[in-house]
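Quick note: the coordinates plus some simple rules give every number you see, no bench work behind them. In this text the structure is predicted, and so the values were computed from the model without any measurement. No Cβ is skipped: glycine too gets one built from the backbone with ideal geometry, and neighbour counts run over all protein chains shown.
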Amino acid sequence: MPLPLSAEQKQTLFWVSVWAAFFFLLWVLGPVLTPFLAAAIFAYALNPAVDKLCRLRLFKRWKMPRALAVSIVITLFGAAVLALLLIVVPVLQKEIPLLQAAIPASLAKLNDTLGPRLQQLGVEFTLDGASIKALVAEKMAESGNQIWTAVLNSVRTGGSAVLGWLATLVLIPVVLFYLLLDWHQLLARIAAAVPRRYIGATMEMARGSDALLAQYLRGQLLVMLVLSVYYSTALAVAGFDVALPVGILSGVLVFIPYLGFGLGLLLALMAAVLQFTDWSGLVAVAIIYGLGQVIEGFFLTPRLVGERIGLDPLAVIFALLAFGQLFGFVGVLLALPASALLMVGFRHLRRHYLRSSFYNA
């Protein structure tokens with residue numbers, strides 16, 4: 001016959017159940033929480049700047065109100081994001097139509113290069129734009145109704161996605177403003193809600209997480225700056241007309257592991273295909289981006305970011321997929337800093353487990 005639970009055990013069981021239900025609710029509401037999670041990460045990154053502005057003494061006695069400091073920091077942050085978009089969007093608007101127009105010429109060049117060599121090996125190879133267009137038209141004629149149905153469905157889904165993105169983009173600055181305004185009070189309330197028996201361990205974890213994220217953010221910004229200068233300079237030396245926007249974008253996107261490098265490389269390859277008539281542009285892109293990966297992986301990231309996050313490549317890939325599944329594209333952007341926080345908690349949990357009587361008995 002099981003022993004009856006004590007009053008303390010009943011309280012513990014009750015509050016554990018409450019917290020489990022709370023985290024389950026957060027998991028269910030994952031897509032809705034995306035703007036709040038993004039705003040919380042941005043608030044953590046921007047709060048030091050707000051604190052510095054609030055500590056400034058203007059006119060000897062007058063201190064800047066926190067609301068004004070928050071407004072200035074958010075405005076500067078939004079201006080930086082807008083400047084990045086103004087750099088990227090014109091490049092895409094210019095290169096994508098040119099790339100579509102250059103595809104037939106590229107196919108003809110590929111056909112002239114590979115056709116004779118393959119014919120020497122007894123392989124008939126013909127690749128031209130007219131045959132591809134005819135093939136596409138034939139397939140579309142065979143399944144026209146299915147294609148139109150798929151297009152209509154994608155338009156409906158795309159419209160919902162666009163509305164969701166617009167709502168998220170509008171909500172993030174609003175949530176960010178109020179989080180920055182009450183940042184210290186919010187942290188104090190969270191600390192006050194922690195059971196007193198765990199407050200020491202919790203504050204230790206919080207300090208460890210803060211040190212880790214501060215090092216990660218500062219180091220990542222330096223890596224982005226150095227790589228932006230490197231890619232812009234190297235592409236300009238190689239003779240690319242769009243060296244500055246493509247180089248800046250390639251450096252800025254580094255904070256998205258793998259995906260950022262792939263997008264920057266794709267833009268550079270597009271520029272090489274459009275601008276150069278021979279293989280020199282593609283060779284230059286291969287050398288520049290290959291050397292950039294070596295510089296980032298072996299020098300910049302270990303020295304500036306460090307190895308304290310403790311995530312191996314497989315863990316990084318899993319974090320990107322997991323956070324992308326839970327929170328969409330914003331989750332991909334926030335995967336690494338969020339994983340760093342989880343790693344701090346896991347280390348403390350592992351240390352507690354190795355010291356427990358359950359493990360040592």
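Quick notes on this one:
- Label-to-label distance for residue 354 and residue 87 is 4.4 nm, based on points extended 7 Å past Cα in the beta-carbon direction.
- R0 of 45 Å, Cβ-Cβ distance residue 236-residue 36: FRET efficiency to nearest 0.05: 0.65
- Residue ranges 184-193, 317-326 sort as 317-326, 184-193 when ordered by packing (mean number of other C-beta atoms within 10 Å per residue, highest first).
- For the pair residue 203 and residue 51 in one chain, pulling the backbone fully straight at 0.36 nm per residue adds 52.6 nm over the alpha carbon distance.
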